């Protein structure tokens, strides 16, 4: 198991959010995984939540293996993989908690698949983790992505499901970024990373 | 205490609003679109392109009725009932016991034609009347309150005159409504754009009480299924396009993104 230092301040910030909150998590290119793990682990371990992890950034297998390498059990998380089917072309995976959507442009399908998973889950308290807005921005125009985030966040807020939206600000179009600032109730900002 | 709002000395009461009783479809999102469900006894055309989810929608409509204890019937003209049931068994919402216990009754149109001596290429007036009588008798005998005919297009191919198709659908719809049966007529269309007809023969859409259009929006080479309620007599309803997913739990709907509701201009679906 790889030793890994988590950002404990993220866990502290998460104690302030409610189930119907929408949290924007800003990170940089170099700390994305650390920030993701520092967010996911307290949600699962401190708050005993189940959840859905939407991966538009990398294949879900890669993410699961990265989590497992630092000792995180992700069996309570269902993954929606947007890149392996239509982009990488492979859905033969050794994990049963991965669902595939053909492409990151099928935004409504992602929402419906998430709602379907949440209907079947046994966890009383759930989160939806979107990884990431900047990855979705590669395939979707600004205005449709802004509209989608508006729908996405409000859909889960209405259902008292915590939405966490990961974002690398300097890779996100300004229109989307400003809308995200508007819709989200909380901000965890780890985007100002200086690499020495 | 009077709930009305006081304006000056006059208490304003909300106007009494008459609402028709509804057949709650039980389909996730559809009842919200229809403000509570399909008005009882309506004949609804579910018109869609191939693979758009018409058969699944129709079958789920029956399953939700059966779960509420209603007697349901499905007339299949496009595929044998055995094949239909095999395909639908993959969905967790479907339970074969509903068929075994007689809550969902599946009829092969070919078998019905054979019973009625209608094994012919085209139907005349008397044949059409015999077919209507057979369907109505089945509905009446079993006490069917939800009926699906899949598809009315295949059935109407045997009726050569447009006038006769009109009479068939009008008479059938009227008799089923009298029996309190809510009917979904599945119709196959080749295009679901705004310029398209919503039925193969052009007459079904005028006679039906409601029209639900199903098709695909092409977005950057991917097809997204959509559903749109174009018309529904007896209820206010949303006319927006909704994206649909066929999940093991049944059909799920969400409003389609406004900036993505039109097919790409170069696609054959939007031309």
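Every number in this text was worked out from the coordinates using simple rules, so none of it is lab data. No experiment lies behind these values; they were computed from the predicted model shown. Cβ: placed from backbone, ideal geometry, glycine included. Neighbour counts: every protein chain shown.
Looking at chain B, the DSSP beta bridges with both ends there are about 45 percent antiparallel.
Taking label positions 7 Å along the Cα-Cβ direction at both residue B:178 and residue A:95, the computed distance is 6.1 nm, reported to one decimal.
Against the main long axis of the alpha-carbon atoms of chain B, helix B:54-67 sits at an angle near 70°.
Counting neighbouring beta carbons within 10 Å and listing from fewest to most, the residues A:121, A:39, B:254, B:55 come out as A:121, B:254, B:55, A:39. Rounded, prolate or oblate for segment A:1-142? Axes are the square roots of the Cα gyration tensor eigenvalues, ordered a ≥ b ≥ c, and the cut-off for rounded is a/c under 1.5. Verdict is rounded for segment A:1-142. When chain B is treated as a Gaussian network with alpha carbon springs shorter than 10 Å, the biggest mean-square fluctuation among B:105, B:97, B:140 belongs to B:97. Size descriptors for segment B:122-271, from the alpha-carbon set: Rg then Dmax equal 17.4, 52 Å. Treating only the Cα positions of the protein assembly as shown as identical point scatterers, give the base-10 log of I(q)/I(0) from the Debye formula at each q in 0.07 Å⁻¹. Per q value, in the given order, log10 I(q)/I(0) is -0.45.
Could you list log10 I(q)/I(0) for segment B:31-135 at q = 0.11, 0.17, 0.20, 0.23 Å⁻¹, which the Debye formula gives when each Cα is one point scatterer? For segment B:31-135, the Cα-only Debye profile gives -0.42, -0.97, -1.23, -1.38. For chain A, a Gaussian network of Cα nodes joined below 10 Å ranks A:60, A:137, A:18 by mean-square fluctuation, and the top entry is A:18.
Of the residues A:92, A:170, the one with the fewest other Cβ atoms within 10 Å heads the list, and the complete ranking is A:92, A:170. Could you give P(r) for chain B, binned at 5 Å from zero, as whole percent values over all Cα-Cα pairs? Bins of 5 Å from zero give 1, 6, 12, 16, 18, 16, 12, 8, 5, 3, 2, 1, 1, 0, 0 percent of pairs.
Give the calculated FRET efficiency between residue A:76 and residue B:231 to the nearest 0.05, with a Förster radius of 45 Å applied to their Cβ-Cβ distance.
0.50
Computed with the Debye formula from one identical point scatterer per Cα of segment B:90-163, without solvent, the log10 of I(q)/I(0) at q = 0.12, 0.27 Å⁻¹ comes to -0.41, -1.40. Stretching residue B:171 away from residue B:190 to a fully extended chain increases their span by 4.2 nm, per 0.36 nm per residue minus the current alpha-carbon distance.
With a Förster radius of 22 Å applied to the beta-carbon distance between residue B:115 and residue B:160, the computed FRET efficiency rounds to 0.50.
Per-residue extension of 0.36 nm, minus the Cα-Cα distance of residue A:68 and residue A:122, leaves a gain of 17.2 nm for this segment.
Kindly rank B:205-213, B:57-65 from highest to lowest mean number of other beta carbons found within 10 Å of each residue.
B:57-65, B:205-213
I'd like the distance separating the alpha-carbon centroids of segment A:106-135 and segment B:149-218, in whole Å. If you average the Cα positions of each part, the centres end up 37 Å apart. Legend: calculated FRET efficiency, residue B:140 to residue B:40, from the Cβ-Cβ distance at R0 = 22 Å, rounded to 0.05, equals 0.85.
Quick check on segment A:112-196: what are the equivalent-ellipsoid semi-axes from the Cα gyration tensor, as sqrt(5λ), descending, whole Å?
In descending order the semi-axes read 24, 16, 12 Å.
Using just its DSSP H runs of length 4 or more, each adding -39500 (n - 2.57), chain B gives a mean residue ellipticity at 222 nm of -8500 deg cm²/dmol after division by all residues. Each of A:26, B:239, A:159 has some number of other Cβ atoms within 10 Å of its Cβ, and from fewest to most they run B:239, A:159, A:26. Taking chain A as a Gaussian network of alpha-carbon nodes connected by springs under 10 Å, the highest mean-square fluctuation of the residues A:20, A:167, A:126 belongs to A:20. Antiparallel as a % of all DSSP beta bridges within the protein assembly as shown, to the nearest 5? If we restrict to bridges inside the protein assembly as shown, about 30 percent are antiparallel.
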